[in-house]
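Down below is the structure, laid out as structure tokens.
The values are calculated or read from the model by the stated rules, or taken from the named source; none is laboratory data. Please read these numbers as outputs of a predicted model, since none were measured by experiment. No Cβ is skipped: glycine too gets one built from the backbone with ideal geometry, and neighbour counts run over all protein chains shown.
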Amino acid sequence: MSYVDEVIEQVVKQNPAEPEFHQAVKEVLDSIRVVIEADEEKFRKEALLERLVNPERQIKFRVPWVDDNGQVQVNTGYRVQFNSAIGPYKGGLRLHPSVNLGIIKFLGFEQIFKNSLTGLPIGGGKGGSDFDPKGKSDREVMAFCQSFMTELCKYIGADTDVPAGDIGTGAREIGYMFGQYKRLRGLFEGVLTGKGLTYGGSLARTEATGYGLLYFTEELLKSHGKDIAGMTVCISGSGNVATYAAQKATQLGAKVVTVSDSNGWVYDADGIDIAALKEIKEVRRARLTEYKNYRPNSEYHEGRGVWTVKCDVALPCATQNELHLEDAKILVANGVTAVCEGANMPTTLEATEYLLSNGILFAPGKAANAGGVATSALEMSQNSERLSWTFEEVDTKLKQIMVHLYHNVEDAAKRYGFEDNFVVGANIAGFEKVLDAMLAQGIV
Ligand code: NDP
């Protein structure tokens, strides 16, 4: 059996009941197979892949807090410090009832390669909790965040591990966590990114993942002789990534016709009203059923269905495994040109394979959504030099990073004979840098 297959088999055996982690490992190792098999004995002797798929450290802890009825609640907190070969661990904190160790490990593993692709010195990590901020009062969210940070603060720091936001962790949660870290450690430092602008946050961080996704998509289309202006775009999700993806797509002259949440989806043939979307989601924290009040001609549908709408570009921006094989089939039948992932691993493996085999331009999240973490790294730079850059400075750097990242991925795919396979390109380009750093640092 080949070394790659042996390690995939081991991962499944040693990490039972972690299907998302198996999926992520399989996707990455399958892609870098050509690199490994070119010098298999050397990599096997170095146990390079075993070191890559085992986190340097994984921390699991109890998070007790008191709800508004005086009842003590207990959640589980996680931080997986996956790989620090090229820099301090970096990756978000997900607060969602679906969170478990396997999901955090899949996200942390993907993060290693994504962070490497940005060209910036950041290692891979991820964390979170099964706490659900939805429907909780501000006081309850603060109680949870303070308890969570009371434990987490022992393991993180501006030069060791710098968490950020993710699903369920927005500006409010980052603020409460930062306050508690500062109080406990007595340090005002860039230990978290996604901070508020008055205490060390970076302009354009809020917009970065969605904007970066569009800079990547625009470059991808451009290098295939197409222009995003005038194209119809379907977006899933209506959170941070989806909202700013919709905003930038609209600014670039495309028409975004859908957004969704976990209950249903909106179709607006005239183009999603970004101001209304922000008002509903960011200000009032309400559901998408409200959208019709702002745009009477739009349609609201319960359940899944975003991918049934005809579009040129599909941008899944909600969560993992939300675009299935049957969705991919409809997208292809409807003539989609590109599918670019704003969320992490939103497309199932079968759907990805179907899109690739039908010649669709498919950009994996680890490349296409890397603008968020890249801008987090820019926030770290600003914190280190105790300066704040303007929105335009950060946005310009973000665009440069995404354009460069696209060409890096495209080149890696070409070099190994997988032209236009951006899954292989992204994994190889991300892996090469980490590999080099791991080999240089010896057996650690
Ligand atoms: P938000 O919490 O702001 O938004 C998440 C959106 O996805 C919401 O609309 C939510 O709907 C929907 N959603 C969540 N879970 C499900 C589900 N199980 N089924 C259907 N819809 C769901 O998160 P972000 O926008 O920050 O993150 C979205 C994705 O992008 C995630 O995969 C995240 O890891 C990834 N990402 C985020 C980055 C960032 O900078 N924020 C950076 C890189 C990647 P509802 O409100 O109903 O829950």
Open item on the list: So, in segment 292-324, exactly how many residues are assigned to a helix (DSSP H, G or I), away from the ligand (no atom under 16 Å from the Cβ) and buried (at least 18 other Cβ atoms within 10 Å of the Cβ)?
Closed with: 0
TODO: From (1) part of a strand (DSSP E or B); (2) buried (at least 20 other Cβ atoms within 10 Å of the Cβ), pick out the condition that doesn't hold for Phe43.
DONE: (1)
Open item on the list: Exactly one of these conditions fails for Ala374: (1) more than 16 Å from the ligand (Cβ to nearest atom); (2) out of contact with any strand residue (DSSP E or B) (no Cβ under 6 Å at 6 or more places or on another chain). Give me its number.
Closed with: (1)
- [ ] Kindly provide the set of residues from segment 325-360 that are hydrophobic (A, V, I, L, M, F, W, C), in a helix (DSSP H, G or I) and touching a residue at least 60 places away in the same chain (Cβ under 8 Å), ordered by number.
- [x] Leu349, Leu356
Task: Residue list for segment 121-145, filter: in a helix (DSSP H, G or I), touching a residue at least 60 places away in the same chain (Cβ under 8 Å) and surrounded by 17 or more Cβ atoms within 10 Å (Cβ to Cβ) - done: Glu140, Ala143, Phe144
Task: Any hit, segment 48-71, residues being in a loop (DSSP other than H, G, I, E, B), more than 26 Å from the chain's Cα centre (by Cα) and modelled with pLDDT under 95 - done: no
Task: Scan of segment 8-34 for residues that are over 25 Å from the mean Cα position of the chain (by Cα) and under 25 Å from Ala367 (Cβ atoms), ordered by number - done: Val34
- [ ] Look at segment 154-167 and say how many of its residues are at pLDDT 95 or above and either at positive phi or outside any loop (DSSP other than H, G, I, E, B) (or both).
- [x] 5
Open item on the list: Is it the case, given these coordinates, that Leu277 is outside the structural domain of Ile104 (by TED's automatic domain parsing), under 18 Å from Val233 (Cα atoms) and at pLDDT 95 or above?
Closed with: yes
Task: Selected residue (only one of Glu189, Glu110, Glu173, Glu151 is part of a helix (DSSP H, G or I), surrounded by fewer than 18 Cβ atoms within 10 Å (Cβ to Cβ) and acidic (Asp, Glu)) - done: Glu151
Open item on the list: For segment 204-291, give me every one of the strands (runs of 3 or more DSSP E) that falls completely inside it and has 3 or more residues that are more than 19 Å from the chain's Cα centre (by Cα).
Closed with: 255-260, 264-267
- [ ] Scan segment 265-291 for residues that are of a type in the set (Ser, Thr, Tyr) and crowded, with 18+ Cβ neighbours inside 10 Å and jot them down.
- [x] Tyr267, Tyr291
